[in-house]
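Notes follow once the structure below has been shown.
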């Protein structure tokens with residue numbers, strides 16, 4: 001009996017010292033997802049996934065939209081949150097890539113201050129023109145731009161993927177179309193429709209109705225292959241510019257130092273949801289492809305995007321104003 005008591009005295013401290021599984025009871029309270037502005041793609045994806053996670057886990061998922069400063073404001077909230085997995089952000093190229101070059105005093109590091117969870121979607125921009133522009137292909141647009149020398153293009157704002165698409169096109173096509181920034185993709189589309197600008201780079205979902213009505217022309221998508229969400233539009237490769245690749249992407253992140261088991265539990269749940277056929281179809285209708293990944297794959301993707309766009313932003317002299 002004495003031996004048993006002694007053994008228990010030795011074993012018990014060791015048992016108590018074993019850390020509890022932080023993912024076992026996760027989530028036990030509401031989860032917050034920082035969006036990027038009401039009506040945005042990030043807002044849609046946050047709410048859509050939030051609803052699915054609520055159904056799966058039985059815990060509320062609250063979307064907290066805080067627009068402004070290119071998405072850096074809501075992103076910074078998560079960078080400074082408790083590392084427990086209850087604060088997430090729907091990240092994208094603006095706050096995780098462009099912001100590094102655009103803001104001298106960015107309050108967070110997109111690589112060091114976040115724990116990647118999974119990429120959510122990828123998409124493309126569409127090179128669209130006003131019908132009055134006498135071109136019907138990318139080749140003709142390039143020739144016309146070189147001949148005229150004073151063409152302009154509209155974007156959804158400085159540092160947005162539509163802006164980066166335009167600068168990348170200038171670079172790979174060897175043209176110098178002038179950038180005209182607008183407050184949003186909707187304003188850029190309005191400017192294109194009124195011929196205030198003859199060219200723009202918009203998401204398929206933004207341009208869909210006007211393309212169908214023939215009020216704007218689509219010359220190519222910003223990807224090497226045709227985009228399933230817009231199968232009738234030529235790819236960049238078909239258009240003769242295979243290096244014109246600018247992906248619209250969204251990924252889920254949480255605060256750095258969040259326990260790995262918690263990160264992996266969120267990853268498993270979101271990946272399972274994204275792989276459902278009905279979810280794939282619903283998101284495709286919004287102009288995007290589901291693109292689930294491991295945390296490591298998302299981290300590598302962000303580093304690749306930073307390496308790609310940082311020199312382009314620098315060469316184009318893009319500013320945050």
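Of note:
- Cα-based shape type of region 126-221, given that a ≥ b ≥ c are square roots of the gyration tensor eigenvalues and the cut on a/c is 1.5: oblate
- With R₀ set to 51 Å, the beta-carbon distance separating residue 272 from residue 132 gives a calculated FRET efficiency near 0.55.
- At R0 = 51 Å, FRET efficiency that the Cβ-Cβ distance of residue 178 and residue 64 yields, to 0.05: 0.90
- Per-residue ellipticity at 222 nm, computed for the chain from helices alone with -39500 (n - 2.57) per DSSP H run of at least four residues, works out to -13000 deg cm²/dmol.
- On Cα atoms only, tilt of 138-148 relative to the major axis of the chain in degrees: 60 degrees
- Three-way shape label, region 263-321, alpha-carbon gyration tensor, a/c 1.5: oblate
- Shape category assigned to region 205-321 from the gyration tensor of Cα positions, a/c cut at 1.5: oblate
- Between region 275-321 and region 33-107, the alpha-carbon center distance in angstrom: 14 Å
- Relative contact order for the chain: 25 percent, from Cα pairs under 8 Å spaced at least 6 residues apart, divided by residue count.
- Label-point separation, residue 140 to residue 195 (7 Å along Cα→Cβ), nm: 1.6 nm
- Compared with the direct C-alpha span, the chain from residue 105 to residue 54 gains 14.7 nm at full extension, assuming 0.36 nm per residue.
- Extension gain (nm, one decimal) between residue 213 and residue 294, 0.36 nm per residue minus Cα-Cα: 25.1 nm
- Over region 126-221, Cα pairs under 8 Å with separation of 6+ residues give a relative contact order of 45 percent.
- Distance from region 114-164 to region 192-239 (C-alpha centre basis), Å: 9 Å
- Globularity index of region 224-264, i.e. its alpha-carbon radius of gyration over 2.2 N^0.38 Å: 1.92
- Radius of gyration and maximum dimension Dmax of the chain, Cα, Å: 22.9, 98
- Degrees between helix 161-173 axis and first principal axis of the chain (Cα, 0 to 90, nearest 10): 50 degrees
- Most fluctuating residue given options 249, 57, 309, as computed from a GNM of the chain linking Cα atoms under 10 Å: 57
- Ranking of 301, 227, 169 by count of other Cβ atoms within 10 Å, fewest first: 301, 227, 169
Taken together, the values in this text are just the output of simple stated rules run on the coordinates, not laboratory data. Because the structure is predicted, anything quoted here is derived from the model rather than measured. All Cβ positions, even for glycine, are placed from backbone atoms using ideal geometry, and neighbour counts span all protein chains on display.
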